[in-house]
1. Pairing the Cα long axis of helix A:233-255 with the longest principal axis of chain A, what angle in degrees results, from 0 to 90 and rounded to the nearest 10?
2. In debye to the nearest 20, how big a dipole does the stretch B:140-273 give about its Cα centre with +1 on each Lys and Arg Cβ and -1 on each Asp and Glu Cβ?
3. Enter the accessible area per residue of the protein assembly as shown (Å², integer; probe 1.4 Å; all protein chains in place).
4. Helix A:2-32: angle to the longest alpha-carbon principal axis of chain A, degrees 0 to 90, nearest 10?
5. Kindly write out, for the stretch B:206-220 in residue order, the coupling ³J(HN,Hα) from the Karplus curve 6.51 cos²θ - 1.76 cosθ + 1.60 (θ = phi - 60°), rounded to whole Hz, with x marking Gly and Pro.
6. Calculate the dipole size of the stretch A:59-261 relative to its Cα centre from +1 charges on Lys and Arg beta carbons and -1 charges on Asp and Glu beta carbons; express the result in debye to the nearest 20.
7. Among DSSP beta bridges whose residues both lie in the stretch B:9-237, state the antiparallel percentage, nearest 5.
8. Excluding ligands and nucleic acids, what accessible area in Å² is computed for B:Asp200 using a 1.4 Å probe, to the nearest 10?
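The values are calculated or read from the model by the stated rules, or taken from the named source; none is laboratory data. From a predicted model like this one, the values you see are computed outputs, not experimental measurements. No Cβ is skipped: glycine too gets one built from the backbone with ideal geometry, and neighbour counts run over all protein chains shown. SASA here: full protein model, heavy atoms, side chains in, ligands and nucleic acids out. Shrake-Rupley method; radii C 1.70, N 1.55, O 1.52, S 1.80 Å.
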Amino acid sequence: MSARFAIAIAWTAAILAAAFLLLPLAVIAAASFSPTPVFDLPITGASLRWYGRIGSLDGFWPALGLSLMIACVATVVSLILGTVAAIAIAQGRMPGAEAISTALVAPLMLPGLVLGIALLNYFRALGLTATTTSLLLAHLIITLPYVARTMIAGLARFDFTLIEAARTLGCSWHQAILKVMVPALAPSYLTAALFSFLASFDNYPVSIFLTDARTKTLPIKMLQYIDEAPDPTIAALSTLILLATILLLFVSDRVVGLHRMAGTGE
Amino acid sequence: MIDGTAAHLVVSGITKRFAALTVLDRVDLAIARGELVTLLGPSGCGKTTLLRLVAGLTLPDNGHITIAGRDLTKVPPHRRNVGVVFQSYALFPHLTVAGNVAFGLNVRRRPKSEVAAAVHRALQLVHLEHLAERPIAALSGGQQQRIALARALAVEPDVLLFDEALSALDRNLREEMQIELRRILREIGATAIFVTHDQDEALTMSDRIAVMNHGRIEQCARPREIYTRPASLFTLQFVGLSSRIAGTVAASDNGRIQVETPVGRFEAAGTLAPGDRAIVATRPEYLRVGSDGGGNTATGTIRTIVYQGSRCLVDVEAASGQSLLASLSGDQAADLSTGAPIRLSWPVTETFAFPAPEARP
């Protein structure tokens, strides 16, 4: 009886927590369909006019392009670097492998603001003034820990005998990596890529220190729009980003299964 | 042993060191086409390293490996045409059963129809053609073992290598697979090396057994010879049960020696000189109750009787606590009881003598 009561409380708490987490997203989505520039409840109708306006926001396309480009490049480069580092760590014959793996993941623990200020000073000291390049390098530091963490975990469970088996079956070393290790680690790659892409795409606290007047990433531009004209266009844009993320997760689930990506199931 | 010209696989003078540790020390081994040789030894004896050297997964510091007359010493594994069945099976989890078996042929870019036929043949050989489209995760341990074998067979390798390939299976399945594997290898006439630490497996499966210890082959001979004519104390101890009694050579004459021990004076074949420390030994099957079992006799009291079905294993405590093991038939053991005095005898021809090791390790 008391156990059932406790389970009921746990369920209620879980549902309330989920609602608390998701409700703001629902409000944003509802606001994006508001027929009036000022969103208020109760909703009096639905309109797609704010979605039509997204494209004509000042500087929207360059910001979106820059954010996508940086997220993609940072993700691809981190996937390569992260995998190579994870192989070295998983093979375990390197002294200080533990320390290196901790260092690789360390930027995850740092507050974004601290990282942003540190990188700003560091790039200045190096004489690096090109905005796009410094943004790319900074985002690499943001995304690499996600990739390294996932790939180290994935490779720790990878049986390197598979590579040897492939080699005795006629694969050269790089063929064995491509035909056996990459497909066997596909769930890890997908998880790593997803987290890496999202971490870069919605990063604000690091990017804010490294952008200039002409070169701005989408999150920074969005905050600027809210300052300038707080109408539901931003809500519409947010809803679109949300939909794209859900679509990405859905496709990933179809391809490898989210439970495999989270490493919670076989 | 085997004539070098007829040998299909020849390992000569192979030495391998890992840092300061010498894992293989000038190993020679020649294997005829169609022969199954087992590398038997305790862990750390170098048997798996020798297998990996033949596969090309490790390179030797010295020595040569040739297969069918071709020097493969420096050839990378993917150009050797050697099949390996790994202890963990190492099946590719992202491929189906058929995908795994076809892997080697697809890498070789064989035409689709040829691959399909070869996969079908290999799966038929291991009796699992009905599982072709299953994912690997859906297979039992025994099935995975067979698929690993089918995958190695599909490319028609010159030599098949098995690294503790049966040790992950439970006992019944393992014994079944030993017979099954022997049948398959005979059927295709494969030349094979089988690495194991399980002496029963070695005795059951092999044409010849190479007993390895400390990076060297102690003896390479047929299973029966390994058991009945061990060439070294290590082989005697590692394969099968034995009674071993330490003593001193009292007389030596024409290949026969007399060894004085606390249990009595024993005669054995051997060439040790008088005064040498020696160990005389025999297998439990040769001991008989009474005095007419042969020229060597000893007395003691029965410590334990282990009932083994058709036979009984009797442990006899002789003088100064020395243990003698006798494997007796049911009717011979019928009247025995623990604590009773007993006289045992065994033939001189089945008594071995080895120089005693310098110091106990």
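1. 30
2. Working: 15 positive and 18 negative charges, 48 e Å.
For this selection, approximately 220 debye.
3. Details: 30990 Å² over 627 residues.
Computed with neighbouring chains in place, this is 49 Å² per residue.
4. Roughly 60 degrees, rounded to the nearest 10.
5. 8, 6, 9, 10, 9, 7, 10, 8, 6, x, 10, 8, 6, 7, 10
6. Working: 11 positive and 9 negative charges, 94 e Å.
Around 460 debye, computed over the stretch A:59-261.
7. Numbers: 20 of 37 bridges.
Around 55 percent antiparallel, to the nearest 5.
8. Its accessible surface works out to 90 Å², give or take rounding.
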